[in-house]
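A short worksheet on the structure shown next.
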Amino acid sequence: MRTLKLARNDQGEPEIFRSIQGEGPAIGRPRTFVRLSGCNLHCVWCDTAYTWNWLGTPFAHENNKKFEIGAEMIALTVADTAARIKALPSEGVVITGGEPLLQMQAVVELIDALREDNHRAWVDIETNGSIVPSDDLIDRIDYFVVSPKLAHSGNDAEIALKHDALSRFAQLTSASFKFVAKDAADVAAAAAIVERYDFPPQRVYIMPEGTTSDALLKRGPTLIDAVIAHGFNYSDRLHIHLFGQKRGV
């Protein structure tokens, strides 16, 4: 049986929790979240750097903190993971990270396990959009929230903006693009990507970068005119306002 690498919460347990969706098209809706560990990108402002910024790695981050992989990652069987998720029922499940598509086949098996008792169980996935999803995954995921990373993330475009992957996601009616933005120039950069892949503007979300309510409230007004001008949606980070920046919320 396959295993999944999961992040740990502050108590050292697998980071599987029930909350509300704080971002994107399902904002405000109850969800059960499962946070996987490991990422192929390394955003300098990442708010889940404990899923990838290990001791001994060369990656830069604004908080200058490194994490010990053994303390932050836990391996569970697919069956154990599914049982923990089922114990926290909600309207749907969000598989997030890290980058979930690094564990694509195990995620496929996880979804099958979740649907053994409820074949209609709703499953979303949050991905950075740099890995081509398999047909098996596409067949099982109800909705993809794809978050391509812009230059201010610190990732080179040839690593973060993979043409084959973004082209595949752009073909899916079950996908939205969500861009983290620091200023109006970032919204323009997002618009160029949206235009390149002929993606519907009504399924694009612009979200301010920030991990405190004050930062989000300050940055949001600087983005909104550009968001409206391009016909995009604006996404706040509701969980930050409700709970602050912490794990398991």
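The values are calculated or read from the model by the stated rules, or taken from the named source; none is laboratory data. From a predicted model like this one, the values you see are computed outputs, not experimental measurements. With ideal geometry, Cβ positions are generated from the backbone for all residues, glycine too; neighbour counts draw on all protein chains shown. Each accessible area value is taken on the protein alone, full model and side chains, heavy atoms only, with ligands, DNA and RNA left out. Shrake-Rupley method; radii C 1.70, N 1.55, O 1.52, S 1.80 Å.
Quick one, which of (i) 45, 21, 13; (ii) 27, 21, 18; (iii) 33, 21, 15 is the actual semi-axes √(5λ) of the Cα gyration tensor in Å calculated for this model?
It is the value labelled (ii).
Measuring from centroid to centroid over Cα atoms, what is the spacing of the stretch 13-57 and the stretch 72-112 in Å?
Measuring centre to centre over Cα atoms gives 12 Å.
Round to a whole number: what % of the accessible area of the chain belongs to carbon and sulfur, probe 1.4 Å?
Heavy-atom surface of the chain belonging to carbon and sulfur, 1.4 Å probe: 51 percent.
Rank Glu158, Glu15, Glu23 by accessible area, highest first, at a 1.4 Å probe radius?
Glu158, Glu23, Glu15
What accessible area, in Å² to the nearest ten, does a 1.4 Å probe give for Leu101?
10 Å²
Choose one answer from Glu62, Glu109, Glu72: the residue with the largest mean-square fluctuation in a GNM of the chain with alpha-carbon springs under 10 Å.
Among Glu62, Glu109, Glu72, the largest GNM mean-square fluctuation belongs to Glu62.
At 0.36 nm per residue, minus the direct Cα-Cα distance, what do Glu195 and Ala71 gain on full extension? Give it in nm, one decimal, please.
Result: 40.4 nm gained on full extension.
Quick check on my link table: of Lys65/Lys246; Lys178/Lys218; Lys65/Lys218; Lys5/Lys162; Lys66/Lys86, which ones sit more than 22 Å apart, alpha carbon to alpha carbon?
From Lys65/Lys246; Lys178/Lys218; Lys65/Lys218; Lys5/Lys162; Lys66/Lys86, over 22 Å: Lys65/Lys218; Lys5/Lys162; Lys66/Lys86.
Let me spell out the model: positive unit charges on the Cβ of Lys and Arg, negative unit charges on the Cβ of Asp and Glu, origin at the Cα centre of the stretch 149-249. What dipole size does that give, in debye rounded to 20?
Using Cβ point charges on Lys, Arg, Asp and Glu, the stretch 149-249 gives about 380 debye.
Restricting to DSSP loop positions (anything but H, G, I, E, B) with no more than 13 other Cβ atoms inside 10 Å of their own Cβ, which trypsin sites (Lys or Arg not before Pro) remain in the stretch 53-96?
Lys65
Excluding ligands, DNA and RNA, what is the solvent-accessible area per residue of the stretch 131-220 at a probe of 1.4 Å, expressed in Å²?
I get 44 Å² per residue for the stretch 131-220.
Based on alpha-carbon centroids, what's the gap between the stretch 182-244 and the stretch 141-159 in Å, whole number please?
14 Å
Testing the spin-label approximation: label points 7 Å from Cα along Cα→Cβ at His230 and Thr3. State their distance in nm.
4.1 nm
Could you tell me which Cys residues in the chain have no other cysteine's Cβ under 4.7 Å from their own Cβ, answering none if every one has a partner?
If one checks each Cβ against the other cysteines of the chain, Cys39 turn up with nothing under 4.7 Å.
For the stretch 15-74, what is the charge dipole size about the Cα centre, in debye to the nearest 20, if Lys and Arg each add +1 at the Cβ and Asp and Glu each add -1 at the Cβ?
The dipole of the stretch 15-74 has a size of about 220 debye.
Can you list the HN-Hα couplings for the stretch 49-58, worked out from phi with the Karplus curve (6.51, -1.76, 1.60; θ = phi - 60°), rounded to whole Hz and with x for Gly and Pro?
5, 5, 8, 7, 8, 7, 4, x, 8, x
Residue separation times 0.36 nm, minus the C-alpha to C-alpha distance between Gln171 and Asp112: what's the value?
Separation in residues times 0.36 nm, less the Cα-Cα distance, equals 18.9 nm.
In whole Hz and in residue order, list the ³J(HN,Hα) couplings for the stretch 107-118 that follow from phi through the Karplus curve 6.51 cos²θ - 1.76 cosθ + 1.60, θ = phi - 60°; x for Gly and Pro.
Ordered by residue, 3J(HN,Hα) equals 5, 4, 5, 4, 5, 4, 5, 5, 9, 4, 9, 9 Hz.
Considering only Phe177, Ala82, Phe232, whose Cα is most displaced toward the positive end of the charge dipole of the chain, charges sitting on Cβ of Lys, Arg (+1) and Asp, Glu (-1)?
The residue sitting most towards the positive pole is Ala82.
List the residues whose amide H sits under 5 Å from the amide H of Ala175, counting only those 5 or more places along or on another chain, with H placed 1.01 Å from N in the peptide plane.
Phe144
Which of rounded, prolate or oblate describes the stretch 199-241 when judged by the alpha-carbon gyration tensor and an a/c cut-off of 1.5?
Note, shape of the stretch 199-241 comes out oblate.
Which peptide among 132-141, 33-42 comes first, and what is the full order, when sorted by highest mean count of other Cβ atoms within 10 Å?
Those peptides, ordered most packed to least, come out 33-42, 132-141.
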